[in-house]
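The values are calculated or read from the model by the stated rules, or taken from the named source; none is laboratory data. Model, not experiment: these values are computed from the prediction. Glycine also receives a Cβ, built like all others from the backbone with ideal geometry; neighbour counts cover every protein chain displayed. Heads up: the accessible areas ignore ligands, DNA and RNA and are worked out on the full protein's heavy atoms, side chains in. Shrake-Rupley method; radii C 1.70, N 1.55, O 1.52, S 1.80 Å.
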Amino acid sequence: AWASIHSNDLKFTIFGDLPQSGVFIGTEAVIKNVFEVIPVYWPKFSLTPIETTVVGDVVFVHNRMTADNLNTETMHMFEVRNGKIASFTAFEDTDSMRKAMIK
C-alpha cells in the first residue's frame, strides 16, 4: 500500500552518515535500505507530525521523532508529481540519532 502512493522512480534521500543514509531509487530500495534498517538501530522509532505546509507541488512535514533514547524533531520534504510522491528528502537531527543509536 505504501508503494502505491509513490512514483516508480521515487528518489528517497537521507543526509548524514547513519546506517540508513543515502539516495535510494524505487520503493523496494527504500523498504530494504531504510525501513528495515531503522528499527534495528532505533527501537520504538516513531514520527508524529507537528505541522504540514504545502507550497505548490512540495509538502513539508515538521515531525517529532522518538525512539528509545531519542526525542528530537525533523523536517521531511515530499515532491508530488502526477498525484504521486516523486521524491522525499529528510532533514534529520543526525547528532541526536547517532547518540541514541544501538551499535
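Tabulated values for the structure
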quantity	calculated
Average Cα contact separation per residue, the chain, under 8 Å, 6 or more apart, as relative contact order %	27
Residue-averaged 222 nm ellipticity for the chain, from DSSP H runs of 4+ at -39500 (n - 2.57), nearest 500	-3000 deg cm²/dmol
Estimated FRET transfer efficiency (Val80, Asp17; beta-carbon r; R0 41 Å; 0.05)	0.90
Reachable lysines, given that their alpha-carbon falls under 25 Å from the alpha-carbon of Lys11 and they are not under 8 places away in the same chain	Lys32, Lys84
Phi-based couplings in Hz for region 47-54 (Karplus 6.51, -1.76, 1.60; Gly and Pro marked x)	10, 10, x, 9, 7, 10, 10, 10
Tensor-based shape of region 46-89 (alpha-carbon gyration tensor, a/c under 1.5 rounded, otherwise prolate or oblate)	prolate
Extension gain (nm, one decimal) between Ala3 and Thr52, 0.36 nm per residue minus Cα-Cα	15.5 nm
Carbon/sulfur fraction of accessible area - the chain, other protein chains in place, 1.4 Å, %	54
Centre separation in Å (Cα based) which lies between region 12-43 and region 52-103	12
Karplus (6.51, -1.76, 1.60) ³J(HN,Hα), θ = phi - 60°, over region 87-103, in Hz, Gly and Pro reported as x	8, 9, 9, 9, 10, 9, 7, 5, 5, 5, 5, 4, 5, 8, 5, 7, 9
Sequence-distant residues sharing a close amide H with Ser7 (under 5 Å, placed H)	Ile85, Ala86
For the chain, Kirkwood radius (reciprocal of mean inverse C-alpha pair distance, Å)	14.1
